[in-house]
Amino acid sequence: MFADTTAFSGFAVDDMQKAQQFYGETLGLKTSEEHGLLTLHLAGDRPTLIYPKPDHTPAAYTILNFPVDDIEKAVDELTARGVSIERYEGFEQDEKGIFRSGGPYIAWFKDPAGNILSVLQEK
């Protein structure tokens with residue numbers, strides 16, 4: 001039924017202006033706006049829709065993962081841009097907030113709406 005459609009994902013935020021600034025400027029992603037919605041144009045021009053939701057509740061899981069070649073450099077660049085790396089109970093994270101046990105190295109951070117994102121590096 002949907003084999004030939006172009007699917008895309010999306011998520012909500014509570015403030016579109018803050019989302020535009022964070023994703024477009026802080027993270028440096030290509031974005032576009034149309035009809036009051038923000039589209040992230042990720043690698044391979046995979047669109048991801050961001051839409052406003054006044055009673056927004058942040059996702060309790062990682063909504064976007066950004067693979068990187070050098071996680072330490074990515075974490076350093078994020079923190080230099082004012083992004084805080086999250087720390088979670090039960091995960092042994094190093095001094096930079098990077099989890100290095102079981103699977104790819106990963107560090108989590110949040111967008112202004114509280115949605116969880118990550119940078120991750122295959123070992």
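The values are calculated or read from the model by the stated rules, or taken from the named source; none is laboratory data. Since the model is a prediction, treat every value here as computed from it, not as a measurement. Neighbour counts are summed over all protein chains in view; Cβ atoms, including those assigned to glycine, are modelled from backbone coordinates with ideal geometry. Just so you know, the surface numbers come from the protein's heavy atoms only, side chains and all, with ligands and any DNA or RNA stripped out. Shrake-Rupley method; radii C 1.70, N 1.55, O 1.52, S 1.80 Å.
Side notes on the structure shown:
- The listed residue being free of Cβ contacts under 8 Å to residues at least 60 places away in the same chain, among the aliphatic types (A, V, I, L, M), open to solvent by 30 Å² or more (accessible area, probe 1.4 Å) and under 29 Å from Asp14 (Cα atoms), out of Ile85, Ile116: Ile85
- Selection from the stretch 13-47 of residues that are among the β-branched types (Val, Ile, Thr) and in contact (Cβ under 8 Å) with a residue 60 or more places away in the chain: Val13
For every residue, the table says whether it meets (1) under 30 Å from Glu95 (Cβ atoms); (2) surrounded by 12 or more Cβ atoms within 10 Å (Cβ to Cβ).
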site: Leu37; (1), (2): no, yes
site: Ala43; (1), (2): yes, no
site: Arg46; (1), (2): no, yes
site: Ile50; (1), (2): no, yes
site: Thr57; (1), (2): no, no
site: Ala60; (1), (2): yes, no
site: Ile63; (1), (2): yes, yes
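- Candidate set: the stretch 66-78, residues that are open to solvent by 80 Å² or more (accessible area, probe 1.4 Å) and either among the basic types (Lys, Arg) or touching a Pro at 6+ places or on another chain (Cβ under 9 Å) (or both); chosen: the one nearest to Glu95 (Cα to Cα): Lys73
- A residue that is of a type in the set (Lys, Arg), part of a strand (DSSP E or B) and surrounded by 12 or more Cβ atoms within 10 Å (Cβ to Cβ) occurs somewhere in the stretch 96-113.
- Among the conditions (1) modelled with pLDDT of 95 or more; (2) under 17 Å from Val119 (Cα atoms), the only one that Gly102 does not satisfy is (1).
- The stretch 1-19, subset surrounded by fewer than 16 Cβ atoms within 10 Å (Cβ to Cβ) and of a type in the set (D, E, K, R), residue farthest from Asp111 (Cα to Cα): Asp4
- From the options Ser101, Ser118, Ser84, residue that is touching a Lys or Arg at 6+ places or on another chain (Cβ under 8 Å) and among the hydroxyl-bearing types (Ser, Thr, Tyr): Ser84
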